[in-house]
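The values are calculated or read from the model by the stated rules, or taken from the named source; none is laboratory data. This one's a predicted model, so the numbers in the text were calculated from it and none came from an experiment. Glycine also receives a Cβ, built like all others from the backbone with ideal geometry; neighbour counts cover every protein chain displayed. These area figures cover heavy atoms from the full protein model, side chains too; ligands, DNA and RNA do not enter into them. Shrake-Rupley method; radii C 1.70, N 1.55, O 1.52, S 1.80 Å.
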Amino acid sequence: MTKKIVALILSPRELGNCEIIAKEICRNIPEEHELELIRLTAKDIKPCKGCYACLANGTCPLDDDFTEVARSMAAADAIIIASPTYFIGANGVLKVFLDRCMQLFSAKYSLRGKPVINLVTAGIKGEAGYSEMMLNSFSLILGLNLRASEVFYGALPGEVFFENDEQCKRAAVLGKDLFSDKERIYADWACPMCGSDVIQLLGGDKVQCVVCRNYGKLDKDGEKLSLKIEFNPDNIFFTEEQAGRHGLWLQDMKARFMKLRRKLAVLTSPYKDQGRWL
Ligand SMILES: Cc1cc2nc3c(=O)[nH]c(=O)nc-3n(C[C@H](O)[C@H](O)[C@H](O)COP(=O)(O)O)c2cc1C
């Protein structure tokens with residue numbers, strides 16, 4: 001059966017690096033497939049209002065392109081997310097989109113378990129900053145099955161493949177492996193739970209993985225630093241069960257609000273008329 005690949009492109013540049021890497025990956029997928037491209041930066045995605053109305057029935061009061069995009073992703077057999085690095089992070093539209101995904105806690109469709117490849121482009125080696133981490137954290141929160149995550153370098157549109165056979169070959173491998181049984185292999189310095197290489201220092205030898213938020217510690221194995229991360233049962237997004245529990249916690253918020261709202265109003269009202277809003 002023809003597989004559907006959805007490529008979520010976070011670059012506004014037509015035929016820019018994100019777009020051509022995603023297309024090169026698809027040229028190398030051995031399985032029969034069709035490619036649907038979504039330029040998220042050209043879609044109308046409004047920022048979440050934080051009203052929690054969606055928790056009641058998965059319906060957001062904002063009228064824009066969110067549902068069209070999310071439903072298309074939910075109908076995909078695999079997803080490619082490609083973002084340029086902008087000031088050491090991913091394009092901010094990805095975060096605006098993620099914030100709106102609160103509604104997926106109670107929607108009738110879900111992205112859980114879908115294979116995803118995350119791609120980041122950056123103009124200067126070593127300057128991709130936390131952009132890859134943003135894409136991986138996006139995928140983990142939504143329960144996507146992260147098959148691979150890679151950074152490609154090139155500043156000009158198309159430059160990622162210009163006289164750069166290595167990057168073109170890397171894209172090809174991603175396509176070949178997308179639907180294969182190959183396990184994702186994590187680097188030996190990366191978080192053993194999610195593969196992230198971004199770790200927060202919490203003082204002493206304590207650390208927390210910034211992407212999966214499991215806790216652990218840094219040990220010394222002779223001259224080498226080694227990272228030990230353990231499963232944190234109180235995590236809110238790492239497993240389906242944890243996300244489900246968090247969904248219930250969110251549902252309970254309404255009841256808590258109804259119970260506390262008068263007391264909260266007493267606390268907040270003295271701040272009401274302070275300052276002048278631009
Ligand atoms: C506003 C802006 C900020 C950027 N910031 C960075 C950066 O922090 N680090 C970097 O390596 N490249 C940076 N770049 C370069 C892009 O990441 C690079 O050109 C990338 O290949 C663009 O992908 P695209 O062709 O798909 O748009 C920036 C580009 C723009 C327009």
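Summary of values
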{"quantity": "Single condition V120 does not satisfy, out of (1) more than 16 Å from the ligand (Cβ to nearest atom); (2) open to solvent by less than 50 Å² (accessible area, probe 1.4 Å)", "calculated": "(1)"}
{"quantity": "Number of the exception - A42 against (1) at pLDDT 95 or above; (2) more than 15 Å from A76 (Cα to Cα); (3) away from the ligand (no atom under 16 Å from the Cβ); (4) open to solvent by 40 Å² or more (accessible area, probe 1.4 Å)", "calculated": "(3)"}
{"quantity": "Which numbered condition Q200 fails, given (1) within 16 Å of the ligand (Cβ to nearest atom); (2) within 18 Å of G89 (Cα to Cα); (3) over 15 Å from the mean Cα position of the chain (by Cα); (4) not aliphatic (A, V, I, L, M)", "calculated": "(1)"}
{"quantity": "Contacts under 6 angstrom Cβ, first residue in the stretch 2-29 being within 12 Å of the ligand (Cβ to nearest atom), partner of a type in the set (D, E), 6 or more apart", "calculated": "I9/E19"}
{"quantity": "Restricting the stretch 128-145 to residues that are open to solvent by 30 Å² or more (accessible area, probe 1.4 Å), of a type outside the set (S, T, N, Q) and touching a strand residue (DSSP E or B) at 6+ places or on another chain (Cβ under 7 Å), the residue that is nearest to S72 (Cα to Cα)", "calculated": "M134"}
{"quantity": "E223 vs. criteria of a type in the set (D, E) and within 30 Å of I25 (Cα to Cα)", "calculated": "no"}
{"quantity": "Within the stretch 108-117, considering residues that are in contact with a Lys or Arg (Cβ under 9 Å, 6 or more places away or on another chain) and open to solvent by 10 Å² or more (accessible area, probe 1.4 Å), the one modelled with the lowest pLDDT", "calculated": "Y109"}
{"quantity": "Residue ID - farthest from L119 (Cα to Cα), chosen from residues in the stretch 59-89 that are β-branched (V, I, T) and surrounded by 17 or more Cβ atoms within 10 Å (Cβ to Cβ)", "calculated": "T67"}
{"quantity": "Any hit, the stretch 153-162, residues being in contact with a Lys or Arg (Cβ under 6 Å, 6 or more places away or on another chain), in a loop (DSSP other than H, G, I, E, B), within 15 Å of the ligand (Cβ to nearest atom) and open to solvent by 20 Å² or more (accessible area, probe 1.4 Å)", "calculated": "yes"}
{"quantity": "The stretch 30-39, subset of a type in the set (A, V, I, L, M) and within 16 Å of the ligand (Cβ to nearest atom), residue most open to solvent (accessible area, probe 1.4 Å)", "calculated": "L37"}
{"quantity": "Residue ID - farthest from the ligand (Cβ to nearest atom), chosen from residues in the stretch 168-187 that are open to solvent by less than 50 Å² (accessible area, probe 1.4 Å) and assigned to a helix (DSSP H, G or I)", "calculated": "D177"}
{"quantity": "Qualifying position, being open to solvent by 100 Å² or more (accessible area, probe 1.4 Å), under 31 Å from the mean Cα position of the chain (by Cα) and farther than 26 Å from C51 by Cβ, among L248, L218, L225", "calculated": "L225"}
{"quantity": "Enumeration of residues in the stretch 116-134 that are part of a strand (DSSP E or B) and among the hydrophobic types (A, V, I, L, M, F, W, C)", "calculated": "V116, I117, L119, V120, A122"}
{"quantity": "Residue count for the stretch 128-152, restricted to those that are within 12 Å of the ligand (Cβ to nearest atom) and touching a Gly at 6+ places or on another chain (Cβ under 7 Å)", "calculated": "3"}
{"quantity": "The lone exception for D165 - which of (1) away from the ligand (no atom under 16 Å from the Cβ); (2) within 27 Å of S72 (Cβ to Cβ); (3) of a type outside the set (S, T, Y) it fails", "calculated": "(2)"}
